[in-house]
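All remarks here apply to the structure that follows.
Read-outs: derived from the displayed coordinates by stated rules, not from any lab. Since we're looking at a predicted model, the values are computed, not measured. Ideal geometry is used to build each Cβ from the backbone, glycine not excepted, and the neighbour counts take in all protein chains shown.
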Amino acid sequence: MPSEKQETLTNRIRRLRFDNGEMTQQALAERVGVTRQTIIALEAGKYVPSLLLAFRLAAAFRVRVEEVFQYDGNSPS
Amino acid sequence: MSRMQKFAWFNLAVIALALLVVFSLVPLLGFKAMGGFGFLGLLGFGPAFFRTKPGQVLMDERDLLIQARSWVFAYAVFWVIFVLAAVVLSALVYGQDGSVPVTIVQISTFWAVTLVYALASIAILVQYAGGASDAK
């Protein structure tokens, strides 16, 4: 049974874009097949992507998915 | 502005136009002014916002999520109102053994379309403004 603790998923998309030659939001959006609005929502923490999109983002930056997204919440005991 | 947002604003504009025509003609034409709801037919042009263009992403998973939630919300509210109107209001207004005039049924259909499209469009705009927080 999950506890009441708040679960959060943060991401480093903005930082990774900067580290990849200041890639624009539009360029990243085209690379992963979403709209620029979705990249904006992701960076603002207003949207948690599907697993498939998370892996696509990681692949776009050539890093592991854990380097893009950080989970903070309940861990299985 | 995404295609979904344009679609939502278009729907609201058409609904506003139809309501404006209907209510401005009521003093002149009475019940016949309800014919102004015919402007709702313009809603049929809504899908034109989703014409695909080569190499361009029009809708992604977030858009589809917002779209699905909005229509589910709109139809859920519509269903509650429909049941209330059909079961409770009709009996209260026309009596248990009464009959509902055909014109009332026809006008109710236009009001139902207006309600569902307005609710869905508002829900779309609200979610783009700050909602749709997850992909569950």
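Mind checking the angle between helix B:61-83 and chain B's longest principal axis? C-alpha axes, 0 to 90 degrees, to the nearest 10.
10 degrees
I need B:60, B:97 ordered by Cβ neighbour count within 10 Å, fewest first.
Final ranking by Cβ density, sparse to dense: B:97, B:60.
Using a cut-off of 12 Å between beta-carbons, work out the net charge of the residues near residue A:18 (Lys and Arg +1, Asp and Glu -1, residue A:18 not included).
+1
Which value in deg cm²/dmol, rounded to the nearest 500, describes the helix-derived mean residue ellipticity at 222 nm for chain A, given -39,500 (n - 2.57) per DSSP H run of n ≥ 4 and division by the residue count?
Rounded to the nearest 500, it is -13000 deg cm²/dmol.
How would you rank B:6, A:46, B:32, B:53, going from fewest to most other Cβ atoms within 10 Å of each one's own Cβ?
The fewest-first ordering by Cβ neighbours comes to B:53, B:32, B:6, A:46.
Enter the angle in degrees (range 0 to 90, nearest 10) between the Cα long axis of helix B:3-29 and the first principal axis of the Cα atoms of chain B, meaning the one along which they spread out most.
Roughly 20 degrees, rounded to the nearest 10.
Indicate the helices, whole DSSP H runs only, in chain A that combine a mean Kyte-Doolittle hydropathy of 1.0 or more with a Cα extent along their long axis of 15 angstrom or more.
Membrane-span-like by this criterion, though nothing is claimed about a membrane: A:51-61.
What is the fewest-to-most order of B:2, B:70, B:108 by other Cβ atoms lying within 10 Å of their Cβ?
So the ranking, lowest neighbour count to highest, is B:108, B:2, B:70.
Taking square-rooted eigenvalues a ≥ b ≥ c of the alpha carbon gyration tensor, is chain B rounded, prolate or oblate, where a/c under 1.5 means rounded and, failing that, a/b exceeding b/c means prolate?
Oblate is the answer for chain B, as a/c is 1.5 or above yet b/c matches or exceeds a/b.
Rounded, prolate or oblate: pick one for the stretch B:60-109, where a ≥ b ≥ c are the square roots of the eigenvalues of its C-alpha gyration tensor, a/c under 1.5 means rounded, and failing that, prolate if a/b is larger than b/c, else oblate.
Prolate, because a/c is 1.5 or more and a/b exceeds b/c.
Using a Cα-Cα cut-off of under 19 Å, which aspartates and glutamates could be cross-linked to residue B:53, ignoring same-chain neighbours fewer than 8 residues away?
Hits, sequence-local ones excluded: A:30, B:61, B:63.
Determine the shape class of the stretch A:8-62: with a ≥ b ≥ c the square roots of the Cα gyration tensor eigenvalues, call it rounded for a/c under 1.5, and otherwise prolate if a/b is greater than b/c, oblate otherwise.
rounded
Of the residues A:45, A:21, A:33, which exhibits the maximal mean-square fluctuation in a Gaussian network model of chain A defined by a 10 Å Cα contact cut-off?
Result for chain A, Cα springs under 10 Å: A:21 fluctuates most.
Based on DSSP H runs of at least 4 residues, each adding -39500 (n - 2.57), what is the mean residue ellipticity at 222 nm of chain B after dividing by all its residues, to the nearest 500 deg cm²/dmol?
When only DSSP H runs of four or more count, the value is -21500 deg cm²/dmol.
Using 1/(1 + (r/R0)^6) with R0 = 25 angstrom and r between the beta carbons of residue A:19 and residue B:126, what's the FRET efficiency to the nearest 0.05?
Between residue A:19 and residue B:126 the formula returns 0.15.
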